[in-house]
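The values are calculated or read from the model by the stated rules, or taken from the named source; none is laboratory data. As the structure is a computational prediction, the values presented were derived from the model and not from experiment. Every residue, glycine among them, receives a Cβ derived from its backbone with ideal geometry; neighbour counts consider all protein chains shown. These area figures cover heavy atoms from the full protein model, side chains too; ligands, DNA and RNA do not enter into them. Shrake-Rupley method; radii C 1.70, N 1.55, O 1.52, S 1.80 Å.
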Amino acid sequence: MTSAVDALAAGPVLGLPLPELWFALVFAILGTFLFLDGFDFGAGAIFATLREDEAREAVLSAIGPFWDGNEVWLVVFGGALFAAFPSVYAGLFSRHYLLMFGILGALILRGLAPEMYEQRHDARWQRWWGRSFVAGSVLAPFLLGAFAGNWLAGSPRSLTLVGVVTGIAVTALTVVSGAAFLRLKARDALPETVTEIGVGAVAAYLFAVVATLGALATRLPAGVDALLSPPVLALVAASVGLGVGYGVALRRGADLAALAAAAGLTYGLTAVVAVLMYPRIDPATEATVGEAVVSTLPLNLMSIGAALLLPLVAVYFAVLYSAFSGPITAEEAY
């Protein structure tokens, strides 16, 4: 037993650079949350544009089996950040505690509102809770985007230009995912305007990304040079291509392809943030990945635990999405 512990403490498992792998894992988990819960947020935003009760019920039925499970990834993100980079976790949450409370409040409102909406078929009651559902669905991604933007910019303040434009970009991106998901799950129950909303949202997202990069140009240590690096340019070019592909697929009724393009856009955004930040993980304190990571032994033990637990979480979601695959039925929609 002692020799096994000594082997773990001696260095990275299988010779892999564990601090960098955990850095990548944290952002991969964040991207997974933004995509999976993102289409729930986007569906909530699109809910505001629908006037027919049948269409609104279809939106709630489409996301009903998934939204609470999707939020697990936010918990996993926080847990991974705390486990591998505790000083970064403490610094971020202490500097932006107002944003954290705002995010939690929006998530609570988004979760509570659809449950209350369906408890009574009273026009005033449903109007109030419908608006609450929309508010929570829009505020949550906006505040999450503001948090990510301020993290990347190293700002100690909660309200910044970078945070605002990043929040707008993330909110638009969730509408992109939401439109594709709703067309996939409830095509016959929704008006064609959902397609146009998705196409408009992807254009707004790409514009917001450009605005975010422009706002970051004066905040990053390397300035414009960081934005013109080959990885960032490649990711931005890929995002433009995916955005165009998304619009074409959505208009042609290739809803699964459109959802896949939305996933690519989401992971591409988190990859841009990670590339611009690395090797730092807390720009506000200039702490690098190697400086902020926990010591070798707990890092190796956590890596073994993650290698065992994350596949189980993935299996759970595979079963969940398989069980509720396919379009919603007429009974579920109405």
Next item on the list: Please enumerate the residues belonging to the range 299-325 that are open to solvent by less than 60 Å² (accessible area, probe 1.4 Å), within 21 Å of LYS185 (Cα to Cα) and free of Cβ contacts under 8 Å to residues at least 24 places away in the same chain.
Entry: ALA318
Next item on the list: Please work out which one of (1) within 30 Å of PRO156 (Cβ to Cβ); (2) open to solvent by 20 Å² or more (accessible area, probe 1.4 Å); (3) polar (S, T, N, Q) is the condition THR193 fails and give its number.
Entry: (1)
Check: Only one of (1) within 25 Å of ALA274 (Cβ to Cβ); (2) in contact with a Gly (Cβ under 8 Å, 6 or more places away or on another chain) is not met by VAL134, so which one is it?
Finding: (1)
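Here's the yes/no breakdown for (1) over 16 Å from ALA24 (Cβ atoms); (2) hydrophobic (A, V, I, L, M, F, W, C):
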position	(1), (2)
LEU242	yes, yes
GLY247	yes, no
LEU250	yes, yes
GLY268	no, no
GLU291	yes, no
LEU297	yes, yes
LEU309	yes, yes
ALA318	yes, yes
TYR321	yes, no
Notebook entry, point to check: Restricting to the range 274-298, what's the tally of residues that are hydrophobic (A, V, I, L, M, F, W, C), open to solvent by 30 Å² or more (accessible area, probe 1.4 Å) and assigned to a helix (DSSP H, G or I)?
Noted result: 2
Item checked: Answer from GLU57, GLU52, GLU71 - the residue that is touching an Asp or Glu at 6+ places or on another chain (Cβ under 9 Å), under 20 Å from TRP128 (Cβ atoms) and modelled with pLDDT under 90 -> GLU57
Notebook entry, point to check: Can you name every residue in the range 163-190 that is open to solvent by 10 Å² or more (accessible area, probe 1.4 Å) and among the hydroxyl-bearing types (Ser, Thr, Tyr)?
Noted result: THR166, THR171
